[in-house]
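Right, one structure below, let's go through it.
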Amino acid sequence: MVRAIVGANWGDEGKGKITDMLAKESDIIIRFQGGSNAGHTIINNYGKFALHLLPSGVFYDHTTSIIGNGVALNIPYLINEIQSLVERGVPKPKILVSDRAQILMPYHVLFDTYEEARLAGKSFGSTKSGIAPFYSDKYAKIGIQVSELFDDQVIREKIQRVCEQKNVLLEHLYHKPLLDAEELLETCRQYRDMIAPYVCDVSAYLHQAIADGKRILLEGQLGSLKDPDHGIYPMVTSSSTLAAYGAIGAGIPPYEIKDIITVVKAYSSAVGAGAFVSEIFGDEADELRRRGGDGGEFGATTGRPRRMGWFDAVATRYGCRIQGATEVAFTVLDVLGYLDEIPVCVGYEVDGQVTKDFPTTVKLEKAKPVYTTLPGWKSDIRGIKKYEDLPENCRKYIEFVEKEIGVKITMVSNGPGRDDIIFR
Ligand code: GDP
């Protein structure tokens, strides 16, 4: 039985917390896309952790954590992340890395940084983790697959090809030091030795696991609106954030994904540039940012303050649809307990017309929010375990959102901890 845990919004919905929680009853947790450019914050009995590359199931000793072929694999980063868990008392996790995953090279990070600097004010707000250059190379067929590390001839030819192409850009576009093939070969040899203990044919492993009835979680990074095809292109990430891609990025049949748990945040937050219709500013935003998440809405990877906004029903309904949501986990609801009333964006006004359909980016840039205001509940809902025990206005907020997005909210998260969850 395969379940996907994915985001309906711009990321940072609290997927990590939901994954960590559901991992308790799972055997295998898989990262299938993205890289170390986003983080999941997890709070459990070992402490508070920001994971970037490892799936959020690594804290249990009964789980196997997998880096699928769809991930941008930063090898030293992965090794450090494993090391840092072990240093803090977490039992050494069982980790498998796909032999078909591709490797994020140091030059990807350089190119990301150089390009952001070149674009200056018109940049995409990249985290400079090398993700866009990595996926560009993958599809330009000059990426390096894990399996290639183990063949000296293949890797030498690949590096040669990379250097020929990259050095033209480095010299003439960026005016930066050139890549040295011998140095890169040495890096690849080091990477090979670091990753060797973890490498396996992940797709074959999962084929058997599915046949054996194992419980498998696919953990998405970022959310629907950052998907390169269906999101707010070009202010998107470089790999698909959708549950459907879980089949490709892990190497399993699409029909095996039976449940798509789509994580929806009770208000909006976003990092990086791009249209954000229900965005709020000034003191109103500062207060929500300060109270948001666990200890404020600041990027887990970059520490950047997140952009804040009210709940956007137009974007979220679309985000759920494009994920194929079968159920919704509604998170960080406790944060809204301070508000007298809560605006919810229920429509977009574009060129004088109100729509409930999420438009393409060109139109999105012109959209103005249409708000409905719901009464707040003015109390702290943390610690509540039963849905009926939530304040009436809080339940009304949940039920209003549920009706707007058209997907059943089966879980309500009312705190950052593993047990802060209300099942409906
Ligand atoms: P992810 O990338 O989707 O896993 O999300 P992040 O980890 O970046 O952001 C979610 C933040 O909200 C983290 O700091 C979590 O600890 C926190 N969080 C998750 N669920 C809840 C919740 O229900 N209430 C509160 N207050 N914080 C939560």
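The values are calculated or read from the model by the stated rules, or taken from the named source; none is laboratory data. As the structure is a computational prediction, the values presented were derived from the model and not from experiment. Every residue, glycine as well, gets a Cβ built from its backbone with ideal geometry; the counts of neighbours run over all protein chains shown.
Tally the residues that are over 24 Å from Gly130 (Cβ atoms) and either near the ligand (Cβ under 10 Å from one of its atoms) or modelled with pLDDT under 90 (or both), restricting the search to the stretch 20-41. Summing the residues that are over 24 Å from Gly130 (Cβ atoms) and either near the ligand (Cβ under 10 Å from one of its atoms) or modelled with pLDDT under 90 (or both) in the stretch 20-41 gives 2. Between Ser65, Ser56, Ser98, the distinction of being within 16 Å of the ligand (Cβ to nearest atom), surrounded by 24 or more Cβ atoms within 10 Å (Cβ to Cβ), over 14 Å from the mean Cα position of the chain (by Cα) and hydroxyl-bearing (Ser, Thr, Tyr) belongs to Ser65 only. Taking the numbered list (1) under 16 Å from the mean Cα position of the chain (by Cα); (2) closer than 30 Å to Lys48 by Cα in turn, Asp312 passes all entries but (1). Selection of first residues in the stretch 347-368 that are surrounded by 14 or more Cβ atoms within 10 Å (Cβ to Cβ) and of a type in the set (Ser, Thr, Tyr) and of second residues that are part of a helix (DSSP H, G or I) and modelled with pLDDT of 95 or more, restricted to Cβ pairs under 7 Å at least 6 apart or on distinct chains, gives the following pairs, ordered by first then second residue: Tyr348/Val314. With the structure loaded, tell me whether Gly303 is under 15 Å from the mean Cα position of the chain (by Cα), part of a loop (DSSP other than H, G, I, E, B) and at positive phi or whether it fails that test. The answer is no for Gly303. Looking at (1) surrounded by fewer than 20 Cβ atoms within 10 Å (Cβ to Cβ); (2) assigned to a helix (DSSP H, G or I), find the lone condition where Lys92 falls short. Only one criterion in (1) surrounded by fewer than 20 Cβ atoms within 10 Å (Cβ to Cβ); (2) assigned to a helix (DSSP H, G or I) is unmet by Lys92, namely (2). In the stretch 402-424, the residue that is surrounded by the fewest Cβ atoms within 10 Å (Cβ to Cβ) out of those that are hydrophobic (A, V, I, L, M, F, W, C) and within 14 Å of the ligand (Cβ to nearest atom) is Phe423. For the stretch 202-296, the helices (runs of 4 or more DSSP H) that sit wholly inside it and include 3 or more residues that are acidic (Asp, Glu) are 282-291. From the list Ile280, Ile322, the one residue that fits, being modelled with pLDDT of 95 or more and touching a His at 6+ places or on another chain (Cβ under 8 Å), is Ile322.
Apart from one condition, Ile82 fits all of (1) without any contact (Cβ under 8 Å) to a residue 40 or more places away in the chain; (2) buried (at least 21 other Cβ atoms within 10 Å of the Cβ); the exception is (2). Of all the listed residues (Tyr233, Tyr205), the sole one being surrounded by fewer than 22 Cβ atoms within 10 Å (Cβ to Cβ), within 24 Å of Asp259 (Cα to Cα) and of a type in the set (Phe, Trp, Tyr) is Tyr205.
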